[in-house]
1. Could you sort 205-211, 183-189 so that the peptide with the highest average Cβ count within 10 Å comes first and the rest follow in order?
2. Rounded to the nearest 0.05, what FRET efficiency is calculated for ASP187 and ARG154 with R0 set to 30 Å and r the Cβ-Cβ distance?
3. Given only helices, namely DSSP H runs of n ≥ 4 each adding -39500 (n - 2.57), what is the per-residue ellipticity at 222 nm of the chain, to the nearest 500 deg cm²/dmol?
4. Per-residue accessible area for LEU224 at 1.4 Å probe radius, Å² rounded to 10?
5. Mind giving me the FRET efficiency for ALA266 and HIS217? R0 is 30 Å, r the Cβ-Cβ distance, nearest 0.05 is fine.
6. Just to verify a number: what accessible area does HIS202 come out at with the full protein assembly present, 1.4 Å probe, Å² rounded to tens?
7. With a ≥ b ≥ c the root eigenvalues of the C-alpha gyration tensor of the stretch 1-103, is it rounded (a/c under 1.5), prolate (a/b larger than b/c) or oblate?
8. Taking only C-alpha pairs under 8 Å that are 6+ residues apart, what is the relative contact order of the chain in percent?
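The values are calculated or read from the model by the stated rules, or taken from the named source; none is laboratory data. Everything numeric here is computed off the predicted structure, so don't read it as measured data. Here the Cβ is made from the backbone with ideal geometry for all residues, glycine too, and neighbour counts use every protein chain on show. Note: areas computed on protein heavy atoms with side chains; ligands, DNA, RNA excluded. Shrake-Rupley method; radii C 1.70, N 1.55, O 1.52, S 1.80 Å.
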Amino acid sequence: MRLERRRNVGDAIFVDEVGIEYGVHGDFRLRSAYQPIFAPLGGTLHAVAVEGLIEPHRGGRAGSPRAFFESIAMSDRLFVETMCRVLHLRNFQNIGVDGLDLFFNYNPMVNDHPGRALAEIRLMSRHLGEFGLAPGMLVCEITEQAADDALLARLVREMRRDGIRIAIDDFGTGHSTEERVSLLQPDIVKIDGGWFGEFCRHAAAERFFRPLVSSLHDRGARVLVEGIEQPTHLRVALDGGVDLLQGFLLARPALAGTIFDEKPIAIDALLGKENNVVPLFG
């Protein structure tokens, strides 16, 4: 699958001894990991999707994804990010669970030429059948909101034409604003975990969060809160009426090929840990 002009992404992808594909960039071996995304149903949380994430390994040891991506030369960013996306698509079948959606990241800033960016999206869509994927299973997270509005709108129209859903990532920070929501009309708005964690430190968090969620619902978007790391985060998110949840309190990312735990999670059991957490409000 070729998505970059001078180098073939496929030439940097290999298969390990158990059939899991991985990428190679310099000294790094890049492996797909998937973090579950949950929907509340009654008193339980049910896994409905996963987000594809990269776990970089060097010398047999896992490293920081952020540090890895920050170390990549700008001239290599498009190639590496394309390779990571292809790995997530190819390895998704190894989860072994039917009915899950796949969230993947797309950073328009690494390919801000409209023609090339649109061609990349079209080529990816044409190859989905080879990976056993249908466009309706995919959610593209727009990860860099500083990109040109006109380019973003064209990319979103192209992906929607193919049946791929759109999520705005990192809402609450930087350029991820309600104006951008109005422009792109995403299917899902993903609340930034760092911003949400700070927000939850305020005593009136529940009172102010519900109107925000309601306003996004009124715009036709489902709301996903990431970075759920403490019972307090879960409580505020649920009280706010969010649709989807993601974070270490619920499940950590697991490498492709790991046995996926399909069992629903009891919400009361998670919230019961709140009394064991250091109080946030003093």
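1. Values: 205-211: 15.4, 183-189: 20.7.
Highest to lowest by the protection proxy: 183-189, 205-211.
2. Values: r = 17 Å, r/R0 = 0.58.
Calculated transfer efficiency: 0.95.
3. Numbers: 9 runs with 93 residues, N = 282.
That calculation yields -10000 deg cm²/dmol at 222 nm.
4. 0 Å²
5. Values: r = 26 Å, r/R0 = 0.86.
Efficiency, rounded to the nearest 0.05: 0.70.
6. 110 Å²
7. Since a/c reaches 1.5 and a/b is larger than b/c, the shape of the stretch 1-103 is classed as prolate.
8. Averaging sequence separation for qualifying contacts and normalising by length gives 19 percent for the chain.
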